[in-house]
Structures are given as C-alpha cells and as structure tokens.
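See below for the structure under consideration.
What follows draws every value from the coordinates through simple rules; no lab data is involved. These numbers come from a predicted model, not from an experiment. Positions of Cβ are backbone-derived with ideal geometry, glycine not excepted, and every protein chain shown enters the neighbour counts.
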Amino acid sequence: MKFRKFEILLTVLFLAICMAIFAEVQPATAQTADIVIDAVGREVAIPEKVERIVITCRGGTTNQVAILGAVDKIMGQPGQKAFPQLVKMYPQFKDIIDAGSFEDTNIEEVLKLEPDIVLAGYSSPKANETLEENGLIVYTMQIGWATTETIRDEFKNMGKILRNEEQSDKLVAYWDEKLAMVEDLLKNIPDSERKTVYYTGKKLKMPTRAIGESVGLRGQADELS
C-alpha cells in the first residue's frame with residue numbers, strides 16, 4: 001500500500017515537472033493587434049508601440065495628434081508656418097524635419113525617421129502606397145473629406161493609435177453635446193428659411209463638408225485652384 005502511494009506521488013510529481021517544462025518552451029501567444037479602419041476603408045493594424053510618428057498631410061492631422069497629447073512623438077511633418085498660433089503653442093514644431101507632404105512626400109527622408117506609423121492624406125494615394133511598399137504602416141487621414149460622422153470615427157481611431165482613448169472619447173462626447181444643441185436650435189427652422197453661407201479661402205482646394213454639416217448650413221464650399 002505504501003508503495004502504491006509512493007508510485008502515485010512520483011507520477012504526480014513527474015506530470016507537474018513536465019507541465020512546467022512545457023509551459024517554458026511554448027512560445028508566447030501573439031496578441032491580436034487592434035485594427036482600425038482608415039479614410040479609404042483599409043484595415044490598419046495598430047503597432048504595439050507608437051513612439052515615432054511622421055505626418056505627410058495637413059488638414060488638421062497635427063492638431064489631432066496635439067490634442068491627444070502626442071506632440072513629442074512627431075518626428076516629421078510639413079512645415080507649420082501657415083499656422084503661427086499652433087507654432088506658438090508648440091515651439092518645437094520649428095525644428096521638426098519636413099519630409100514633404102501629399103504626393104510630394106520625400107520617401108527617403110521618411111524612412112530615415114524610422115516611424116512606427118505614418119499619418120498620410122486621403123489625396124495622396126501614390127505616395128501612400130510607396131510608403132507601404134517600403135515596409136511602413138500607413139494610416140490614411142480624411143483631412144478635408146470628412147463628414148460629421150466620419151470625423152468622429154477618425155478621432156476615436158486616433159485615440160486608439162495614440163493610446164489615449166479617454167481623451168478622444170471626451171472630445172467626441174463634447175462634440176456630440178454641442179451638435180445636439182445646434183440641432184435643437186434648428187429643429188423648428190425649415191430648410192427654406194435657413195441661411196446660405198459661402199465658405200472660401202485664398203487657396204481652398206478641398207471640400208469642407210464637416211464645417212457646413214456641423215452648423216446645419218446649406219451652402220457649399222467653393223473649390224479654388
């Protein structure tokens with residue numbers, strides 16, 4: 001009987017040792033990467049770490065990164081001379097490398113910056129494709145093609161990419177609150193009585209649907225060359 005107990009004890013001990021060894025030699029299970037959908041409908045896997053960002057577009061992308069607290073992660077972006085207030089708020093923008101923008105992006109310069117992710121514009125498909133062909137992760141931004149619905153999604157995606165969903169959720173909630181207020185003010189005004197607004201600029205080259213939608217306007221943006 002004692003021998004039987006001893007045999008059982010040895011068996012249990014052997015199984016325990018085997019399980020421990022098996023656990024050590026098994027490769028770690030890869031975590032499923034978070035997936036976000038960009039402006040052109042592509043699934044983009046968010047890198048495990050996003051410490052180095054290169055921006056190759058305008059249209060508010062830098063602003064999004066800034067408001068989500070990731071300014072120090074920007075390694076390259078188009079010059080910000082046209083936005084003096086932004087440069088005043090973030091003086092380091094004066095020294096950030098300009099690797100070009102849109103279809104004039106300098107691919108070699110972007111590669112030198114070794115970004116974890118590139119935030120590129122909707123209107124530069126060729127340059128974006130070349131960046132991807134060179135092994136970079138590219139998330140396409142909506143820039144001026146956003147609507148009030150799609151810009152919400154983009155802010156949420158940026159919150160995921162920059163690991164600051166708390167802040168992006170707060171921004172979207174604030175936006176929804178103000179939009180609801182505007183819609184409430186407009187609900188009793190028929191379309192025929194709403195004011196038409198002409199929105200333009202010196203070099204406005206893209207639609208600005210989100211601006212008009214957000215205040216219930218019927219006017220269209222004038223696209224000038």
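If N is the number of residues in the range 62-119, what value comes out of its Cα radius of gyration divided by 2.2 N^0.38 Å?
Working: Rg = 11.3 Å, N = 58, 2.2 N^0.38 = 10.3 Å.
Rounded to two decimals, the normalised Rg is 1.09.
From the phi of every residue in the range 166-176, what ³J(HN,Hα) in whole Hz does the Karplus formula 6.51 cos²θ - 1.76 cosθ + 1.60 yield, where θ is phi - 60° and glycine or proline is x?
Per-residue couplings from phi come out as 4, 5, 5, 5, 5, 5, 5, 5, 5, 4, 4 Hz.
Mind running the shape call on the range 38-141? Use the C-alpha gyration tensor, a ≥ b ≥ c as the square roots of the eigenvalues: rounded below 1.5 for a/c, prolate if a/b tops b/c, oblate otherwise.
Details: a/c = 1.56, a/b = 1.44, b/c = 1.08.
The shape class here is prolate.
Under 5 Å between amide hydrogens, which residues at least 5 positions from Tyr122 or on another chain qualify, with H placed 1.01 Å from N in the peptide plane?
HN-HN under 5 Å from Tyr122: Met141, Ile143.
Taking the Cα centre of the range 66-136 as origin, sum charge times position over the Cβ atoms of Lys and Arg (+1) and Asp and Glu (-1), and report the length of that vector in debye to the nearest 20. Write out the running numbers ahead of the final one.
On the way: 6 positive and 12 negative charges, 96 e Å.
About 460 debye.
What are the ³J(HN,Hα) values, in whole Hz, obtained from phi via the Karplus relation 6.51 cos²θ - 1.76 cosθ + 1.60 with θ = phi - 60°, for each residue of the range 44-49 in sequence order, with x given for Gly and Pro?
Whole-Hz 3J(HN,Hα) from phi for the range 44-49: 10, 7, 6, x, 4, 10.
Work out, step by step, the length gained on full extension between Asn164 and Asn106: first 0.36 nm times the residue separation, then minus their alpha carbon distance; give nm to one decimal.
On the way: separation 58, 0.36 × 58 = 20.88 nm, distance 2.93 nm.
Full extension from Asn164 to Asn106 adds 18.0 nm.
What length, rounded to one decimal in nm, is gained on full extension from Lys88 through to Ala173, with 0.36 nm per residue of separation minus their alpha-carbon distance? Can you show the working numbers first?
Working: separation 85, 0.36 × 85 = 30.60 nm, distance 2.77 nm.
Between Lys88 and Ala173, full extension yields an extra 27.8 nm.
Can you compute the label reach from Lys49? Point 7 Å from Cα along the Cβ direction, backbone N cut-off under 16 Å, restricted to the range 112-138.
What the label zone holds, given the 16 Å backbone N cut-off, is 114-117.
Work out how much length Ile189 to Ile137 would gain on full extension: take 0.36 nm times their residue separation and subtract the Cα-Cα distance, in nm to one decimal. Display every interim value, and only then the final one.
Details: separation 52, 0.36 × 52 = 18.72 nm, distance 4.63 nm.
Length difference between fully extended and current span is 14.1 nm.
With the Cα gyration tensor of the range 129-191 giving a ≥ b ≥ c as the square roots of its eigenvalues, does the rule (a/c under 1.5 for rounded; else a/b larger than b/c for prolate; else oblate) give rounded, prolate or oblate? It would help to have the intermediate numbers written out before the result.
Details: a/c = 7.05, a/b = 1.99, b/c = 3.55.
Because a/c hits 1.5 or more and a/b fails to exceed b/c, the range 129-191 counts as oblate.
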